[in-house]
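One structure is given here, and the rest of the page talks about it.
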Amino acid sequence: MSHFTVMVIGDNPEEQLAPFGESPPEGSDYLEFNDCTEQVQEAWENKMIPCVKIRADKDNPEGRWVCKYSSAAQNAKIGNEMKKPAKEVYKTINQFAEDWFGYHLSGSSWGYWHNPNAKWDWYQLGGRWKGYFLLKPGAQGVTGESGAFDNEAKPGYVDQCRLGDIDVLTMYLEAKDKANAEYDRFEEAVKGLEEHAVHWDGLRDSFTGDLTTEDEGFSDKVRLARQAYRDNPWVQAIEAAKFESFMDSCYYDMFYINQGERERYVSSAMYNSIVTYAVLMDGDWYQRGEMGWWGISTDEVPEDEWQEQFYNLFDSLPDDTLVSIYDCHI
């Protein structure tokens, strides 16, 4: 459940996006069948299904056991729960495969159709990032739709245009001024405090130790770590200044303390005024990492490396290249 930016380079951007949709139309060339026959057969022989008994009817005068998650169980359950073998609950293996797993029969195999290259399940030109590019005076472009919060583009900003019509220099300077102002606020917020910053990842790991997300007690340890993080005076001072933080992102890292401080923070903001999370060009999709729940990415390319790769491509494009910014969701 994450939104992210994609720069589509070239004409017909939505045709370029089509091969990466999570749910292409039935019969699409982008779909592949994932064969789960062995899983179904093994479960048919061994799976114990949590069941409830439902009221009697003309076909089952003594009632019958059904899966507790079925619509029949929700409407007419009686008695206690009990686990029953799959073969006693479902009349056929086909019914079991479809009802329990949601799989379908294709030829003689059970499984499901999917797009192995899926990157999005929804997209919108502009969206949450409506008004991404600043146009040069007299240039023209297309402004997309607003996102969930009815955001509007500033005058002169668009989401689709020719590359040579983008006022990149002014975008850099605006981002520079904004970042310097933010860093001024940061310095004012922590003025007089002994540097006592805390890295969220390190703090969390000190609480969870060798526990994994599957282990009992992991969630409790994370809750304690969050509280310790929020009790840190340095973090509290920045929170009081109302800097935005997402999913416990670390303010210490956010302002690049011990990593270049103001200079790097401002430089990164300038570069990121153009850089997107992903790029689509000539049928190839490039991105920093795999997007997942709540904007969390795995296996990300380091920010400075991604910025370099992005600008190597961006600067190599002809001025008449069409560029479009899409708000994608997965």
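Worth a mention:
- Cross-link partners for residue 119 among the lysines, with Cα-Cα distance under 21 Å and sequence neighbours closer than 8 places in the same chain left out: 130.
- Too-long pairs where the Cα-Cα distance tops 24 Å, listed order kept, from 53/87; 83/221; 136/242; 47/68; 53/91: 83/221; 136/242
- Student exercise, the chain dipole from Lys, Arg, Asp, Glu Cβ charges, in Debye to nearest 20: 1640
- Trypsin sites (Lys or Arg not before Pro) restricted to DSSP loop in segment 137-200 with at most 15 other C-beta within 10 Å: 191
- Computed [θ] at 222 nm, helices only, for the chain once each DSSP H run of length n ≥ 4 contributes -39500 (n - 2.57): -9500 deg cm²/dmol
- For the chain, the longest principal axis of the Cα atoms and the long axis of helix 303-314 meet at an angle of about 80 degrees.
- Anisotropy class of segment 34-114 from Cα gyration tensor, a/c 1.5 cut: prolate
- Positive dipole terminus of the chain, leading residue within 125, 280, 324 (C-beta point charges): 125
- Only one residue of 186, 241, 105 has its Cα farthest out toward the positive end of the dipole of the chain, where Lys and Arg carry +1 and Asp and Glu -1 on Cβ, and that residue is 105.
- Overall dimensions of the chain, expressed as equivalent-ellipsoid semi-axes from the Cα gyration tensor (√(5λ), whole Å, largest first), are 48, 31, 17.
- Loop-located chymotrypsin sites (Phe, Trp or Tyr not before Pro) in segment 198-247, at most 13 other Cβ atoms within 10 Å (DSSP): 246
- 0 to 90° range, to nearest 10: angle between helix 37-46 axis and the chain longest Cα axis: 50
- Of the residues 70, 324, 206, the one with the fewest other Cβ atoms within 10 Å heads the list, and the complete ranking is 206, 70, 324.
- 5 angstrom amide H check on residue 110, placed H, neighbours 5+ away: 36, 37
Every read-out reported here was derived from the displayed coordinates using simple, explicitly stated rules and does not represent laboratory data. What you are looking at is a predicted structure, and each value in this text was computed from that prediction instead of being measured. Glycine also receives a Cβ, built like all others from the backbone with ideal geometry; neighbour counts cover every protein chain displayed.
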